[in-house]
Amino acid sequence: MSETNEKWRPTEHGANIGHTSAWMAHRKVALDIHRMISEDDSDRTIIDAPYTVMALRHVLRGVDMTRQHVKSEAAKELLAEALTVFDETVPGGKDARDVIEHFDEYGMGIGNLQQPDIRRKHREPDDDLAEQFNHRLEWELVDGQRRPMYRAGPFRIDLVAAEDAAFRLVCDAYEALLLDEGNLVQRGWTYEFQRGSLRM
């Protein structure tokens with residue numbers, strides 16, 4: 001390893017910073033889901049759940065930052081496709097996060113999705129709209145297993161499926177970084193290896 005006196009410049013490493021941020025946000029999501037499923041602490045689960053959805057948004061932002069800063073077109077295309085796949089796998093994720101983050105507006109019925117055709121300063125509080133967009137943790141049986149679902153207004157996020165999609169996205173970002181350095185790996189290999197389903 002060679003030594004250098006050159007100062008490390010964050011502005012030259014946006015792709016890596018984005019990937020690291022996405023990875024950390026995904027770890028929060030994964031730990032939250034693990035606790036929700038394996039621990040019997042309903043108060044903690046209810047408190048964690050909305051912030052789990054918000055952390056999913058940070059995964060997306062980190063991967064999008066990586067996409068913006070990788071240099072090769074192939075890496076940019078890989079991440080553009082990966083982000084599209086995430087949105088298809090977790091429909092309504094961005095809107096659900098908006099409802100949670102802007103609770104001060106949605107709780108009064110004046111959120112962007114509640115009154116989209118009215119300028120914010122002209123919106124009037126509306127009890128019915130506020131009720132339609134409340135958010136909460138729910139549980140559903142999926143293939144005989146109890147799974148956490150987060151509902152924010154009309155948007156329903158399967159948190160287990162969202163965690164898996166977020167992990168795949170972080171793995172795609174890692175592969176894009178490798179691709180940007182000229183190291184080709186088979187698409188999806190990182191995800192398969194990390195999830196333990198790759199047979200050696």
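The values are calculated or read from the model by the stated rules, or taken from the named source; none is laboratory data. These figures come from a predicted structure and were not determined experimentally. Positions of Cβ are generated from backbone atoms using ideal geometry, with glycine treated the same way; all protein chains shown enter the neighbour counts. Calculation scope for accessible area: heavy atoms of the full protein, side chains included, ligands and nucleic acids excluded. Shrake-Rupley method; radii C 1.70, N 1.55, O 1.52, S 1.80 Å.
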Which numbered condition MET36 misses (of (1) without any contact (Cβ under 8 Å) to a residue 24 or more places away in the chain; (2) of a type in the set (A, V, I, L, M, F, W, C); (3) in contact with a strand residue (DSSP E or B) (Cβ under 6 Å, 6 or more places away or on another chain)): (1)
Given (1) modelled with pLDDT of 95 or more; (2) within 25 Å of ASN134 (Cβ to Cβ), identify the lone condition not met by ASP48. (1)
Is it true that ARG9 is basic (Lys, Arg) and surrounded by fewer than 14 Cβ atoms within 10 Å (Cβ to Cβ)? yes
Among the numbered criteria (1) in contact with a strand residue (DSSP E or B) (Cβ under 7 Å, 6 or more places away or on another chain); (2) surrounded by fewer than 14 Cβ atoms within 10 Å (Cβ to Cβ), which single criterion is violated by VAL90? (2)
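What tally of residues in the range 141-200 results from selecting those that are part of a loop (DSSP other than H, G, I, E, B) and of a type in the set (Val, Ile, Thr)? It would help to see each step written out before you state the result.
Taking the range 141-200 as the starting set, the residues that turn out to be part of a loop (DSSP other than H, G, I, E, B) are 143-144, 153-154, 181-188, 195-200.
Checking which are of a type in the set (Val, Ile, Thr) leaves us with 185.
Within the range 141-200, residues that are part of a loop (DSSP other than H, G, I, E, B) and of a type in the set (Val, Ile, Thr) number 1.
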Residue check for GLU101: of a type outside the set (A, V, I, L, M), in contact (Cβ under 8 Å) with a residue 40 or more places away in the chain, open to solvent by 40 Å² or more (accessible area, probe 1.4 Å) and closer than 14 Å to ALA49 by Cα: yes
When you go through (1) assigned to a helix (DSSP H, G or I); (2) of a type outside the set (Lys, Arg); (3) surrounded by 13 or more Cβ atoms within 10 Å (Cβ to Cβ) one by one for LEU137, which number turns out not to apply? (1)
In the range 33-67, how many are open to solvent by less than 20 Å² (accessible area, probe 1.4 Å), farther than 28 Å from LEU78 by Cα and not polar (S, T, N, Q)? 3
